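Data block below; observations after.
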Amino acid sequence: MEAEAADAPPGGVEAALSCFSFNQDCTSLAIGTKAGYKLFSLSSVEQLDQVHGSNEIPDVYIVERLFSSSLVVVVSHTKPRQMNVYHFKKGTEICNYSYSSNILSIRLNRQRLLVCLEESIYIHNIKDMKLLKTLLDIPANPTGLCALSINHSNSYLAYPGSLTTGEIVLYDGNSLKTVCTIAAHEGTLAAITFNSSGSKLASASEKGTVIRVFSVPDGQKLYEFRRGMKRYVTISSLVFSMDSQFLCASSNTETVHIFKLEHLTTSRPEEASTWSGYMGKMLMAATNYLPAQVSDMMNQDRAFATGRLNFSGQKNICTLSTIQKLPRLLVASSDGHLYIYNLDPQDGGDCVLIKTHSLLGSGTTEENKENDLRPSLPQSYAATVARPSTSAASTVPGYSEDGGALRGEVIPEHEFATGPVCLDDENEFPPMRGTTY
């Protein structure tokens with residue numbers, strides 16, 4: 001769920017952010033700029049709280065936070081081959097590693113940390129940062145496309161198996177063995193992502209018209225969604241909701257598509273005697289005699305809901321999250337804004353923009369002021385749902401309001417799967433500083 005923003009997106013809008021990413025459970029947003037990086041809490045709609053900010057490392061193009069812990073991984077254009085791991089609450093560096101070529105992406109869960117280069121992937125044990133495996137025999141991956149299940153009990157990894165086709169390699173990060181390969185698309189892959197339990201894998205090709213969902217670990221196709229037909233697009237992000245009921249896709253267009261993962265129930269026997277039931281059965285039977293491309297199109301599900309952006313051509317990422325007990329669509333863009341929409345989980349339709357935050361300024365925009373003056377529209381759930389209060393969310397013992405560890409305390413042990421908490425103490429790693437691979 002990370003995006004590296006181009007310096008000058010189409011349309012002449014200069015990118016204010018060099019990168020941006022949501023954490024694994026979509027409770028935090030990290031951004032990288034020419035000056036450094038910032039971390040924000042996503043616990044409130046009306047208020048965007050900055051958890052941490054640092055200007056010690058300039059020109060950051062990768063920043064990843066481990067859930068709501070104090071662990072953050074940073075890569076800078078000044079040293080693109082070096083990964084730095086920090087405990088931001090203590091203001092200390094835990095360790096740093098250098099690699100043979102530029103780091104393109106980093107993925108992490110409570111068990112594993114992956115470093116993706118163009119022609120190799122390094123798999124570390126996150127508790128002691130020991131290098132467990134190096135995948136060297138992978139096809140060239142110039143964008144650093146890869147995905148890691150956030151469920152540490154399986155730690156599945158997915159990456160492109162071909163430079164010319166949409167083949168996906170499914171790899172077990174715990175047993176360190178290849179599970180299977182999935183022929184997902186005819187064209188080159190543009191996006192891959194796991195659901196929160198690691199039981200489903202979604203993918204999109206560079207055409208961006210069809211999104212498919214496969215079961216894990218057997219790789220069987222479960223769903224097929226059509227994002228559009230008239231034009232090819234560049235998929236910016238692809239993400240499941242935490243409950244795996246929805247799948248969200250954003251692109252370089254002005255529309256974010258949300259698909260609902262549900263199978264249509266089969267017709268009841270009495271429906272066959274009705275005209276609609278008879279025609280439905282005839283259409284289904286007719287697909288058996290149509291060309292494969294036509295029959296596939298008829299069986300593809302369309303978007304359940306959409307979010308309309310006021311821009312196109314800018315790099316962006318989306319996610320689906322529950323904030324203050326209501327489902328929201330969140331979109332972060334390279335121009336330095338976070339857009340929050342209400343999502344109707346029952347009827348779908350158009351998501352309603354309810355808040356726009358500036359990630360670089362005061363957090364209030366003219367659009368927000370206009371939205372506050374508009375009368376409520378009674379035609380949809382998303383427009384009529386009451387705005388939540390701005391009171392702080394309840395906190396868990398041992399955590400601050402932003403969800404991280406309290407100042408001066410160690411990262412709670414449950415932030416990791418099992419065993420001792422090693423990454424919280426910089427003294428655990430003196431031999432590994434400056435390690436080169």
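Val233: of a type outside the set (Ser, Thr, Tyr) and open to solvent by 10 Å² or more (accessible area, probe 1.4 Å), yes or no?
No; evaluated as a whole, the condition is false for this residue.
List, please: which pairs have Cβ atoms under 8 Å, are six or more places apart or on different chains, and start with a residue in the stretch 318-340 that is under 17 Å from Ala3 (Cα atoms) and end with one that is open to solvent by 10 Å² or more (accessible area, probe 1.4 Å) and among the basic types (Lys, Arg)?
Ser333/Lys315; Ser334/Lys315; Tyr339/Lys355
Tally time: how many residues in the stretch 60-72 are more than 18 Å from Lys34 (Cβ to Cβ) and either within 16 Å of the chain's Cα centre (by Cα) or not in a strand (DSSP E or B) (or both)?
7
Of all residues in the stretch 157-180, which are at pLDDT below 95 and of a type in the set (A, V, I, L, M, F, W, C)?
Within the stretch 157-180, just Leu163 meets the criteria.
Scanning the stretch 169-228 for residues that are assigned to a loop (DSSP other than H, G, I, E, B) and of a type in the set (Ser, Thr, Tyr), which turns out nearest to Phe259 (Cα to Cα)?
Thr209
Could you go through the stretch 33-40 and let me know if any residue there is free of Cβ contacts under 8 Å to residues at least 12 places away in the same chain, on the phi > 0 side of the Ramachandran plot and of a type in the set (Gly, Ala, Ser). Write out each step before concluding.
So the first thing to find is which residues in the stretch 33-40 are free of Cβ contacts under 8 Å to residues at least 12 places away in the same chain, and the list is none.
No, the conditions are met nowhere in the stretch 33-40.
Mind counting the residues in the stretch 73-126 that are among the hydroxyl-bearing types (Ser, Thr, Tyr) and assigned to a strand (DSSP E or B)?
Kept after step one, since they are among the hydroxyl-bearing types (Ser, Thr, Tyr), are these residues of the stretch 73-126: 76, 78, 86, 92, 97-101, 105, 120, 122.
Keeping just the survivors that are assigned to a strand (DSSP E or B) gives 76, 86, 92, 97-98, 105, 122.
Residues that pass the stated criteria total 7.
Looking at Leu66, Leu108, Leu71, Leu117, which one is hydrophobic (A, V, I, L, M, F, W, C) and either touching a Gly at 6+ places or on another chain (Cβ under 8 Å) or open to solvent by 40 Å² or more (accessible area, probe 1.4 Å) (or both)?
The unique qualifying residue is Leu117.
What residue, among those in the stretch 39-59 that are outside any loop (DSSP other than H, G, I, E, B), more than 17 Å from Met83 (Cα to Cα) and not aromatic (Phe, Trp, Tyr), is most open to solvent (accessible area, probe 1.4 Å)? Quick ask: steps written out before the conclusion?
Going through the stretch 39-59, the residues outside any loop (DSSP other than H, G, I, E, B) turn out to be 39-41, 49-54.
Now restrict to residues that are more than 17 Å from Met83 (Cα to Cα): 39-41, 49-53.
Filter once more, keeping what is not aromatic (Phe, Trp, Tyr): 39, 41, 49-53.
Values: Leu39: 0, Ser41: 5, Asp49: 59, Gln50: 99, Val51: 30, His52: 38, Gly53: 39 Å².
Result: Gln50.
Here are some residues: Ser203, Ser215, Ser197. Which one is modelled with pLDDT of 90 or more, surrounded by fewer than 19 Cβ atoms within 10 Å (Cβ to Cβ), within 17 Å of the chain's Cα centre (by Cα) and within 30 Å of Arg110 (Cα to Cα)?
Ser197
Quick one: in the stretch 314-362, of everything that is part of a loop (DSSP other than H, G, I, E, B), open to solvent by less than 20 Å² (accessible area, probe 1.4 Å) and of a type in the set (Gly, Ala, Ser), which residue is farthest from Asn195 (Cα to Cα)?
Among those that are part of a loop (DSSP other than H, G, I, E, B), open to solvent by less than 20 Å² (accessible area, probe 1.4 Å) and of a type in the set (Gly, Ala, Ser), it is Gly336.
In this structure, does Ser149 turn out to be under 21 Å from Leu108 (Cβ atoms), in contact (Cβ under 8 Å) with a residue 24 or more places away in the chain and open to solvent by 60 Å² or more (accessible area, probe 1.4 Å)?
Answer is no for this residue.
Met129 is checked against (1) more than 20 Å from the chain's Cα centre (by Cα); (2) open to solvent by 10 Å² or more (accessible area, probe 1.4 Å); (3) within 17 Å of Tyr99 (Cα to Cα) and fails just one. What number does that condition carry?
(2)
Within the stretch 178-191, does at least one residue satisfy the condition of being under 25 Å from Arg112 (Cβ atoms), of a type in the set (S, T, N, Q), open to solvent by less than 20 Å² (accessible area, probe 1.4 Å) and touching a strand residue (DSSP E or B) at 6+ places or on another chain (Cβ under 7 Å)?
Checked the stretch 178-191: no residue is under 25 Å from Arg112 (Cβ atoms), of a type in the set (S, T, N, Q), open to solvent by less than 20 Å² (accessible area, probe 1.4 Å) and touching a strand residue (DSSP E or B) at 6+ places or on another chain (Cβ under 7 Å).
The values are calculated or read from the model by the stated rules, or taken from the named source; none is laboratory data. Please read these numbers as outputs of a predicted model, since none were measured by experiment. Glycine gets a Cβ as well: all are built from the backbone with ideal geometry, and neighbour counts include every protein chain shown. With ligands, DNA and RNA removed, areas are computed over all heavy atoms of the protein, side chains included. Shrake-Rupley method; radii C 1.70, N 1.55, O 1.52, S 1.80 Å.
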